[in-house]
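The values are calculated or read from the model by the stated rules, or taken from the named source; none is laboratory data. Please read all numbers here as calculations on a predicted model, not as lab measurements. FYI the Cβ positions are ideal-geometry reconstructions off the backbone, even for glycines, and counts take in every protein chain you see. The accessibility values were calculated without ligands, DNA or RNA, using every heavy atom of the protein model including side chains. Shrake-Rupley method; radii C 1.70, N 1.55, O 1.52, S 1.80 Å.
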Amino acid sequence: MNNDDFRQWSRRAADWGADYRNSLRERPVRPLVEPGGIFKSVETSPPEAAEPMDEIFADFEQKILPGMTHWQHPRFFAYFPANAALASVVAEYLVSVMAAQCMLWQTSPAATELETRVVDWMRQALGLPEGFSGVMQDSASSATLAAVLTMRERALDWQGNEKGLQGQPTLRVYSSDQVHTSIDRAIWVSGIGEDNLVRIPVAGRFRAMDVAALEEAIVADREAGMLPAGIIACVGGTSTGGTDDIAGVAAVAKRHGLYLHVDAAWAGSAMICPEYRHFWAGVEHADSIVFNPHKWLGAQFDCSMQFIRRPEDLVRTLAIKPDYLKTHGRDGIINYSEWSVPLGRRFRALKLWFLLRAHGLENLRTMIRNHVAWSECLAARLALEPDFEIVTEPMLSLFSFRHLVAAGIDEHNLRLVNAINDDGRIYLTQTRVDGQVAIRFQVGQFETTAADVDTAFEVITEIARGLG
């Protein structure tokens with residue numbers, strides 16, 4: 001492909017993208033395909049000779065597109081959103097064209113310095129105090145792993161990386177059962193081990209960690225000769241929006257000298273609205289916080305932000321500085337590869353910079369406030385319907401419900417959610433609450449309207465009546 005071809009096909013791709021995004025409401029949210037169908041449609045061996053781009057593009061439309069779940073569909077109410085606001089997409093195109101590897105300041109000074117500025121913009125937007133630095137990670141999973149590695153090193157007096165965990169005291173980390181499974185994975189990868197992730201009982205509407213039980217577990221572990229390392233609290237857990245008492249947890253962490261990491265991957269975006277910040281009151285006492293602008297805020301995946309109280313601890317944990325990665329003759333610069341597990345880094349700050357400037361915080365606040373109000377309205381409507389039960393009340397724009405039947409309620413609700421998704425007009429996912437199946441609903445897609453939420457009500461009640 002030469003530069004003229006590149007110009008032609010870039011325009012073709014841009015036109016296709018605009019048409020695609022404009023047509024989403026006409027498409028089923030989730031494809032009705034059988035496993036293995038796309039795999040079988042693709043040639044079994046790679047081509048020896050070059051193929052024309054028009055044939056490649058045609059195959060994309062005929063073979064690949066029919067098998068895609070449309071995450072930007074305005075009636076995508078499953079999981080959490082993975083928004084890609086159009087301004088963010090434009091920025092990502094520019095990033096792809098430049099194709100810079102932004103691991104060090106010298107490998108792209110603008111990428112490093114814009115990241116520093118945009119992170120501070122978000123710190124201000126979320127109402128976090130001065131004193132927090134930050135870094136843009138690929139996902140909350142990476143940010144949480146970095147936090148767990150840091151709490152491990154701090155607890156071991158910075159000896160873990162050098163000496164390993166053999167012969168060290170048994171480390172303990174504390175969380176509820178409402179945290180994301182990325183916490184489990186971080187515990188595995190860090191070498192701490194699943195058996196040493198202590199699950200604290202939860203209570204109340206928001207299924208928060210029992211702070212007294214947390215403190216008792218820490219004391220008991222110390223008395224048993226174990227070494228408490230840190231606490232992972234959550235705000236807006238994936239299953240039902242589980243939210244801990246951050247101020248209470250932070251007080252326990254401070255009394256016992258433990259590292260506190262707060263996972264607000266989804267709900268953190270809502271903190272641009274001052275009226276929702278009570279959900280994480282006390283977060284200023286955390287050692288690190290993660291939230292994902294690529295979820296609710298509209299920045300195209302991947303775009304996760306980790307705020308850190310003491311970046312020197314993170315750098316001490318993760319930085320490796322061979323001579324070939326040094327920037328000689330420059331003092332005081334930041335090399336963000338020393339703040340992350342991967343060495344390679346994409347230019348993530350550009351899409352967030354475009355997004356914030358193209359929409360402004362006030363328009364983003366309006367979107368989030370609408371999503372919360374529409375979700376609360378839908379929960380109230382379903383609660384008035386016969387044979388529907390609200391299982392967990394709305395936490396911001398997330399709630400769960402089930403359809404009641406005389407027998408086999410779990411199997412019935414699994415059939416219901418599958419029938420809803422096969423219908424194609426909306427997309428939902430299921431979870432378990434206190435051992436029983438419930439259906440999750442969240443509003444968060446960038447283009448969703450009140451009418452789309454009304455459609456969700458119609459689809460849910462219509463299909464439930466059909467199942468009996």
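Structural remarks
- Among (1) surrounded by fewer than 24 Cβ atoms within 10 Å (Cβ to Cβ); (2) in a helix (DSSP H, G or I), the one test that Thr238 misses: (2)
- Which listed residue, of Ala233, Ala229, Ala213, is of a type in the set (A, V, I, L, M) and open to solvent by 10 Å² or more (accessible area, probe 1.4 Å): Ala213
- Only listed residue being open to solvent by less than 10 Å² (accessible area, probe 1.4 Å), touching a Phe, Trp or Tyr at 6+ places or on another chain (Cβ under 7 Å) and hydrophobic (A, V, I, L, M, F, W, C), chosen from Ala265, Ala270, Ala299: Ala270
- With respect to being basic (Lys, Arg), in contact with a helix residue (DSSP H, G or I) (Cβ under 9 Å, 6 or more places away or on another chain) and in a helix (DSSP H, G or I), Arg345 falls outside the description.
- In segment 338-351, the count of residues that are among the acidic types (Asp, Glu), loosely packed, with under 12 Cβ neighbours inside 10 Å, at pLDDT 85 or above and on the phi < 0 side of the Ramachandran plot is zero.
- Assessment of segment 193-206 against the conditions (closer than 24 Å to Phe77 by Cα, modelled with pLDDT under 95 and either part of a helix (DSSP H, G or I) or open to solvent by 10 Å² or more (accessible area, probe 1.4 Å) (or both)) yields at least one matching residue.
- Residues (within 23 Å of the chain's Cα centre (by Cα) and open to solvent by less than 10 Å² (accessible area, probe 1.4 Å)) located in segment 418-428: Asn421, Ile426, Leu428
- Restricting segment 446-458 to residues that are at pLDDT 95 or above and assigned to a loop (DSSP other than H, G, I, E, B), the residue that is least open to solvent (accessible area, probe 1.4 Å): Thr448
- Against the numbered list (1) β-branched (Val, Ile, Thr); (2) surrounded by fewer than 20 Cβ atoms within 10 Å (Cβ to Cβ); (3) free of Cβ contacts under 8 Å to residues at least 40 places away in the same chain, Thr461 comes up short only at (3).
- Of the residues making up segment 251-262, just one is open to solvent by less than 10 Å² (accessible area, probe 1.4 Å) and among the small types (Gly, Ala, Ser), namely Ala253.
- Flag for Ala250 being among the small types (Gly, Ala, Ser) and out of contact with any helix residue (DSSP H, G or I) (no Cβ under 6 Å at 6 or more places or on another chain): no
- Applying the set (1) within 28 Å of Asp4 (Cβ to Cβ); (2) basic (Lys, Arg); (3) touching a residue at least 60 places away in the same chain (Cβ under 8 Å) to Lys63 leaves exactly one unmet item: (3).
- Boolean, Gly127 is in a strand (DSSP E or B) and of a type outside the set (Lys, Arg): no
- Close contacts from segment 269-283, counting a first residue that is basic (Lys, Arg) and a second that is crowded, with 18+ Cβ neighbours inside 10 Å, with Cβ to Cβ under 6 Å and a gap of 6+ residues or different chains, come to Arg277/Met271.
- Checked against (1) touching a residue at least 24 places away in the same chain (Cβ under 8 Å); (2) of a type outside the set (Phe, Trp, Tyr); (3) closer than 22 Å to Gln159 by Cβ, Ala208 passes all but a single condition, namely (3).
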